[in-house]
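Peer 1: Can you keep this structure in mind? I'll have questions shortly.
The values are calculated or read from the model by the stated rules, or taken from the named source; none is laboratory data. All figures in this text were calculated on a predicted structure; none of them were measured in a lab. No Cβ is skipped: glycine too gets one built from the backbone with ideal geometry, and neighbour counts run over all protein chains shown. The accessibility values were calculated without ligands, DNA or RNA, using every heavy atom of the protein model including side chains. Shrake-Rupley method; radii C 1.70, N 1.55, O 1.52, S 1.80 Å.
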2 protein chains.
Amino acid sequence: MAELGTYEMDHTIAYYECDRTGAASLSMLVAMIIMASEKQNEELGVDVDQAMKFGGTWVIINYEADFMGDLPHEGAHIKVGTNIQAYNQFFVLRKFWVKDAKGQTVATFVGTFVYMDLKARKLTKIPAEIMKPYQVQAVKRVPHVKAPQSLDVSDQWQSKQYQVRYFDIDYNGHVNNARYFDWMLDPLGGEFLMDHHITKMMVKFEHEVRPSAVATSKLYVENGPDDSVVSHHKIFVGAELCTEADFIWQKINKSE
Amino acid sequence: MAELGTYEMDHTIAYYECDRTGAASLSMLVAMIIMASEKQNEELGVDVDQAMKFGGTWVIINYEADFMGDLPHEGAHIKVGTNIQAYNQFFVLRKFWVKDAKGQTVATFVGTFVYMDLKARKLTKIPAEIMKPYQVQAVKRVPHVKAPQSLDVSDQWQSKQYQVRYFDIDYNGHVNNARYFDWMLDPLGGEFLMDHHITKMMVKFEHEVRPSAVATSKLYVENGPDDSVVSHHKIFVGAELCTEADFIWQKINKSE
């Protein structure tokens, strides 16, 4: 551990964590950073089972992420780290990072966790006992994570449906939210995804997706500043908005 | 390494390699054993790039597997091993195993590899140079791997469609065949999958599935001997049979 309250784990990228370009897929990177936060909780004696003793579980409600270069490829020895930046009665703001084998940071994420009462299925105060081992002082206001633009859906948006599959469901009985990234990116198509790299994303999770639901992934792409491309995404189940996100992309210069 | 020609790698099961019961999913176990064979090739100096110098690549055409108990759960420290059992000019028979933290074998697989010419996209003689580092004598006949029963599809079969997604495609530009296991098992449904554990499987890969194809997963379930249940599976793209498989299951005794 680099410093008090910081957790880093070593990981070697497996080929099955990569997309067809050979780089780690976004859904897998998101799964890895969540694993880092779970391992930190475990190390501090406040794992999922401990959190559950107070009737609830951690739920992440948003991400803002920046990507500084090539995402790690198959076989790369990376470090995935996290620490708590701030917390109050209802929110924990976590930072995450991914470092390549040379120690260069290739991705950073901030995300807000809430504590959800599993019976009432709504937010409740975070039990002080599960924050204590972090030895971090609570604050009044937790900084906001930058939200996606939340454009209205128009006729110009494309749409693709995803039937939830058995293997999308995790131990909590809902679709693992790393899966949403596949649903959001897949409709962009192979040509776009192989020709662009992601530089930034803002994601907001609104509602869980349940087993046997059909998710509709809606998408609108426009040009952004400085030769960037911005893709806007919304995932619905019926009329209910489950997730929205903006991704910012740069065209890959193939002659480089 | 335990003995000449045997390769074992350590692996810790990540939560995102598990299904909703908390056990490693079959598609992930298959991905892991393939990784073990690739790492052994790498260690012996005959990795994918070396194999490619002769114009082709390894393709697996079948599996027969036995499962002896609980599949490893999240956080389990397992060993995944492989060795070459026999080979001739056209076929390599590999054995694979998965051992739990206590060293108990929980799964064994045998599978046959062929060497596919990438230009002609058909089988060709295995280059002697990429087998040499294994220091195994070629044989005349490589033992057969037990095939699935290959029943005819009737009206009693169920059917479910899977649109190939961008993230199903691997570095070779085709659907990674670990993905087929999700397509075959998903139509069995959550109730069946949570109530049964797999004891045996026979799988035969006939044709690759290409990007943007729609795969149809067909399924017929019947009772087998000794209270077992047998599920028969075929994956088609249009009229072309891509994969067939039989899985043998036992009902989980929940009172245990």
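Peer 1: Among the candidates A:LYS119, A:LYS200, single out the residue that is touching a residue at least 24 places away in the same chain (Cβ under 8 Å), in a strand (DSSP E or B) and among the charged types (D, E, K, R).
Peer 2: On inspection, the qualifying residue turns out to be A:LYS200.
Peer 1: Yes or no: region B:167-182 includes at least one residue that is out of contact with any Cys (no Cβ under 9 Å at 6 or more places or on another chain), more than 9 Å from every other protein chain (Cβ to nearest Cβ) and open to solvent by 50 Å² or more (accessible area, probe 1.4 Å).
Peer 2: Looking through region B:167-182, at least one residue is out of contact with any Cys (no Cβ under 9 Å at 6 or more places or on another chain), more than 9 Å from every other protein chain (Cβ to nearest Cβ) and open to solvent by 50 Å² or more (accessible area, probe 1.4 Å).
Peer 1: What number of residues in region B:45-85 are touching a residue at least 24 places away in the same chain (Cβ under 8 Å) and either in contact with a Phe, Trp or Tyr (Cβ under 6 Å, 6 or more places away or on another chain) or closer than 27 Å to B:ALA120 by Cα (or both)? Steps first, answer last, please.
Peer 2: Our first condition is that a residue be touching a residue at least 24 places away in the same chain (Cβ under 8 Å); within region B:45-85, this holds for B:45-46, B:50-52, B:54-85.
Those left that are additionally either in contact with a Phe, Trp or Tyr (Cβ under 6 Å, 6 or more places away or on another chain) or closer than 27 Å to B:ALA120 by Cα (or both): B:45-46, B:50-52, B:54-63, B:65, B:74, B:81-82, B:84.
Matching residues across region B:45-85 total 20.
Peer 1: To continue, here is another question. Could we say that B:LEU151 is part of a loop (DSSP other than H, G, I, E, B), aliphatic (A, V, I, L, M) and more than 22 Å from B:ALA36 (Cβ to Cβ) here?
Peer 2: Yes, satisfied.
Peer 1: Right, another one. Of the residues in region A:114-141, how many are out of contact with any strand residue (DSSP E or B) (no Cβ under 8 Å at 6 or more places or on another chain) and modelled with pLDDT under 90?
Peer 2: Final tally of qualifying residues: 3.
Peer 1: Separate question: Spot the failing condition for B:ALA107; the list is (1) without any contact (Cβ under 8 Å) to a residue 60 or more places away in the chain; (2) within 30 Å of B:GLY224 (Cα to Cα); (3) of a type outside the set (Ser, Thr, Tyr); (4) crowded, with 17+ Cβ neighbours inside 10 Å, and only one is missed.
Peer 2: B:ALA107 satisfies every listed condition except (1).
Peer 1: Could you check how many residues of region B:5-41 are open to solvent by 30 Å² or more (accessible area, probe 1.4 Å), over 19 Å from B:HIS73 (Cβ atoms) and either within 11 Å of another protein chain (Cβ to nearest Cβ) or in a helix (DSSP H, G or I) (or both)?
Peer 2: Within region B:5-41, residues that are open to solvent by 30 Å² or more (accessible area, probe 1.4 Å), over 19 Å from B:HIS73 (Cβ atoms) and either within 11 Å of another protein chain (Cβ to nearest Cβ) or in a helix (DSSP H, G or I) (or both) number 2.
Peer 1: Being in contact with a strand residue (DSSP E or B) (Cβ under 8 Å, 6 or more places away or on another chain), open to solvent by 10 Å² or more (accessible area, probe 1.4 Å) and among the small types (Gly, Ala, Ser) narrows it down to one residue among B:GLY81, B:GLY45, B:GLY75; which is it?
Peer 2: Checking each option against the conditions leaves just B:GLY75.
Peer 1: Step by step: first the residues of region B:116-152, then only those that are β-branched (Val, Ile, Thr) and under 23 Å from the mean Cα position of the chain (by Cα), then the one that is most open to solvent (accessible area, probe 1.4 Å). Which residue is that?
Peer 2: My answer is B:THR124.
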